[in-house]
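Heads up, the thing below is written out as structure tokens.
Each value in this text was obtained by applying a stated rule to the coordinates, not by laboratory testing. A quick note: this is a predicted structure, and the numbers were derived from the prediction, not measured. Note: ideal-geometry Cβ built from the backbone for every residue, glycine included; neighbour counts use all protein chains shown.
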Ligand SMILES: C[S@@+](CC[C@H](N)C(=O)[O-])C[C@H]1O[C@@H](n2cnc3c(N)ncnc32)[C@H](O)[C@@H]1O
Ligand SMILES: [Zn+2]
């Protein structure tokens, strides 16, 4: 007898499938975005390419109102638990189950011109082997949801690996959780652009272990190189900069350090989230009484327009040789000085701000 678990509105058995409670935040946000799109477009067809025990098909239908869900899982040993979960929790004739490699499925769907409003690729490691193919089955205007568990490569501990996988050299610095999201989005943006399309991030989330990004696939617009460039970090003073392609070879820090900043990239330098979508998702979270998710969405909304990096409080304390400053008082003090500053969902013990690091340290010291 398999144990039944409940998540959101749905109940299911896990059996031998891979299922993590900690990933619920990623599933909750996807359900909110899918709900908003279903309400706006009147239809939602989902392709869940790596479904495991089928928690996502259940949630996309029961909570987001999906009209049709294709649940695919390469491992045929999950057939029993998956078919049982979906038979018990889905409306008949509104779903199908297959056990194929995700790329085979994408090729097959594309050949039949069977396109989806939401394509979910919850892969292990890097999603790169599935990005270009998943884009072929995502409707124009539709959503593609990607997962990366490739923390070693994205945090600068394996730059050769990140080069192979993301086409970008990732260096180590204090804002690597954000870098993981930006490498992932940058890869999708470049792959979409190679096909004459563009993407817009809907939301990006890091739950402490896993990076996830949901993007909307849009028709072609002029390629904007300023959205796909480099993050520079000065090891001497701790200041981050962004650098465009024409600045390569000329990046210097205003602190006058002997060594130039180290560069990571190319990666996505645009917004991490689509604020109007976050607002709609937060309203839905409120209707459902999802207090924690609503608060997370508010934090994401506040960070969306800030520079593509953050400063951990411990880093400010270390560089300023002082105790770790209190986060919310530092944010307020920086705002009082005319800078934008906010907490970030990427690290509860960090701030995002337009203020230079020297100002952050001076402000923190004044507070101490
Ligand atoms: C992270 S788990 C999925 C978890 C599930 N989406 C959830 O939210 O609980 C990844 C799943 O993808 C399956 N998988 C791995 N490679 C695959 C491939 N190339 N095509 C389809 N499924 C694959 C694995 O068997 C595993 O069940
Ligand atoms: Zn410097």
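Brief remarks on what is shown
- The calculated FRET efficiency for the pair residue 96 and residue 339, based on their C-beta separation and a Förster distance of 45 Å, comes to about 0.30.
- Whole-percent pair-distance distribution, where bins are 10 Å wide, for the alpha carbons of the range 311-368: 28, 64, 9
- Taken over the C-alpha atoms, the range 224-368 has Rg and Dmax values of 16.8, 55 angstrom.
- To the nearest ten degrees, helix 128-137 and the longest principal axis of the Cα atoms of the chain are 60 degrees apart.
- Antiparallel beta bridges, as assigned by DSSP with both residues in the chain, represent about 70 percent of the total such bridges.
- Cβ crowding within 10 Å, taken as a proxy for footprinting-reagent exposure, orders 36, 55, 119 from fewest neighbours to most as 36, 55, 119.
- Label point at residue 225 placed 7 Å out along Cα→Cβ; residues across the range 158-191 whose backbone nitrogen lies under 18 Å: 168-169, 186-187, 189-191
- For the range 131-287, the extents of the C-alpha atoms along the principal axes are 52, 36, 27 Å, listed from largest to smallest.
- Extents of the range 205-289, largest first, come to 55, 33, 21 Å (Cα atoms, principal axes, whole angstrom).
- Convex hull volume per residue for the chain, taking Cα atoms only, in Å³: 147 Å³
- Shape of the range 1-69, Cα gyration tensor, a/c cut at 1.5: prolate
- Based on C-alpha pairs under 8 angstrom that are at least 6 apart in sequence, the chain has a relative contact order of 12 percent.
- Fraction of beta bridges assigned by DSSP in the range 1-139 that are antiparallel (%, nearest 5): 25 percent
- The fewest-to-most ranking of 352, 139 by surrounding Cβ atoms within 10 Å reads 139, 352.
- Ratio of Rg to Rh for the range 248-304: 1.30 [Cα atoms; Kirkwood radius as inverse mean 1/r over pairs].
- Across 60, 145, 110, mean-square fluctuation computed from a Gaussian network of the chain (C-alpha pairs under 10 Å connected) peaks at 110.
- Relative contact order [Cα under 8 Å, 6+ residues apart], the range 226-368, whole percent: 21 percent
- Relative to the longest principal axis of the Cα atoms of the chain, helix 327-336 runs at roughly 60 degrees.
- Estimated inter-spin distance, residue 164 and residue 218, nm [label 7 Å along Cα→Cβ]: 3.5 nm
- CD proxy at 222 nm, helix term only [per DSSP H run n ≥ 4: -39500 (n - 2.57); per residue of the chain; nearest 500]: -12000 deg cm²/dmol
- Scoring 148-159, 176-187 by mean Cβ neighbours within 10 Å over their residues and listing the highest first yields 176-187, 148-159.
- For the range 124-174, convex hull of alpha carbons as volume per residue, Å³: 93 Å³
- The angle between the Cα long axis of helix 79-89 and the main principal axis of the chain comes to about 90°, on a 0 to 90 degree scale.
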